[in-house]
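Novice: Just passing along the structure, written as structure tokens.
Each value in this text was obtained by applying a stated rule to the coordinates, not by laboratory testing. Predicted model, so just to flag it, every value in this text is computed and none were measured. Virtual Cβ from ideal backbone geometry, glycine too; neighbours counted across all protein chains shown.
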Amino acid sequence: MNQLTISDKIETCFSIEKLVNLIEAQILELDENLELTSEEIFEIVCQESHLNTDFLKQALGCKCPFALIGFINELEFNEFSNYSVIIEDSNTHSQNVNQPAI
């Protein structure tokens, strides 16, 4: 059985925290561009961060990039994968098919 060790869990938490910080910085940078709407920023950030836009929109009830920051900050490390995109290989992308319980 493939179980995460405590160090794996800690590393995953720090990786998610780092990702959240990068996403927040990207949102703030994109927000300075007055020609982008909040929805466009949300879409760009989700795409570039390999996040499932549809599941996040459903969970948030909107496409607000600032709500996204708060939402992913509150996720536990084992919940984060519910909203990420699985990359099969360099040529194709497949999104998770199991919709998270909201």
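Novice: Please give the net charge around N73, taking every other residue with its beta carbon less than 10 angstrom from that of N73, where Lys and Arg add +1 and Asp and Glu add -1. Mind showing how you got there, number by number?
Specialist: On the way: positive: none; negative: E17, E24, E74.
Around N73, the surrounding residues sum to -3.
Novice: Would region 18-64 count as rounded, prolate or oblate if I go by the C-alpha gyration tensor, calling it rounded below 1.5 in a/c and otherwise prolate when a/b exceeds b/c, oblate otherwise? Please list the in-between numbers first.
Specialist: Working: a/c = 2.01, a/b = 1.20, b/c = 1.68.
Oblate, since a/c reaches 1.5 and b/c is not below a/b.
Novice: Compute the signed sum of charges (Lys and Arg +1, Asp and Glu -1) over the other residues within less than 11 Å, Cβ to Cβ, of L22. Don't jump to the answer; show the numbers that get you there.
Specialist: On the way: positive: K18; negative: E17, E24, E29, E48.
Once all neighbours under 11 Å are counted, the net charge is -3.
Novice: Within region 30-61, list the GluC sites (Glu not before Pro) lying in a DSSP loop whose Cβ has at most 15 other Cβ atoms in a 10 Å radius.
Specialist: Working: sites: E32, E35, E39, E40, E43, E48; in loops: E32, E35.
Answer by residue number: E32, E35.
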